[in-house]
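Asks: Right, I'll just put the structure down here and ask away after.
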Amino acid sequence: MVEEVLVRESLSTQEIAGGKELLQRVKRSGIKVAAAYWVRDRTSETGSWMLDIVTSEVDREGPLKLYEKIHQLVLFPSRIPCGLDINIIEVLGLKYSFFKMLKSAIRSEEPRSNVPLSQSIVGDGLFDLYIYEFPATNNHHK
């Protein structure tokens, strides 16, 4: 049981590569991505990683349309390796509470990319992240 938990804690290089490939497909399809990252709630019993893709299109069109588009991108032209499927992908809008809390927690004057973060406090939770893209935070406007 302990070994199983330790294995689940780490995000594999294959998962990172699969997420990067999907993100490239999402962008090529014309979806404008504001942020993209793997996230794992350390307080959750399952300890599973989720790939979050944040886009303003969710705010405009709703998540269902985006899930449909992304599901097609996962499957075609060829299946993305590492078992990446729609069940571990979340699409968020810019106004979603977790993304807003994450922007408050990750304070950076420069956009962040390809950065692992361990044990980050976001709201009342403790999270591990692997950031593909994350916007700069404008802290001086507080």
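Any read-out appearing in this document is the output of simple, stated calculations on the displayed coordinates, not a laboratory observation. Note that the structure is predicted; figures quoted are calculated from it, not measured. Reconstructed Cβ throughout: ideal geometry from the backbone, glycine too, with neighbour counts over all protein chains shown.
Asks: Rounded to the nearest 20 debye, what is the charge dipole size of the chain about its Cα centre when +1 sits on each Lys and Arg Cβ and -1 on each Asp and Glu Cβ? Walk me through the numbers before you get to the answer.
Replies: Values: 18 positive and 19 negative charges, 129 e Å.
So the magnitude is around 620 debye.
Asks: Counting only DSSP beta bridges with both residues in the chain, tell me the antiparallel percent, nearest 5. If you can, show how the numbers build up before the last one.
Replies: Working: 19 of 23 bridges.
Antiparallel bridges make up about 85 percent of those DSSP assigns within the chain.
Asks: What is the distance, in nm, between label points placed 7 Å from the Cα along the Cα-to-Cβ direction at ASP124 and at HIS71?
Replies: Going by the 7 Å Cα→Cβ label model, 3.3 nm.
Asks: Roughly how many Å is it from the Cα centre of the range 18-61 to that of the range 117-138, as a whole number?
Replies: Here the answer is 13 Å between Cα centres.
Asks: Extending each Cα 7 Å along its Cβ direction at MET50 and SER10, get the distance between those two points in nm, one decimal.
Replies: Taking the two extended label points, one gets 2.5 nm.
Asks: Something else now. Place +1 on the Cβ of every Lys and Arg and -1 on the Cβ of every Asp and Glu in the chain, take the dipole about the Cα centre, and give the residue among TYR96, PRO111, GLN14 whose Cα lies farthest towards its positive end.
Replies: PRO111
Asks: Can you match Cα extents along the principal axes in Å to one of these, (1) 41, 30, 30; (2) 47, 30, 27; (3) 45, 43, 24, based on a calculation from the structure here?
Replies: Read-out from the structure maps to (3).
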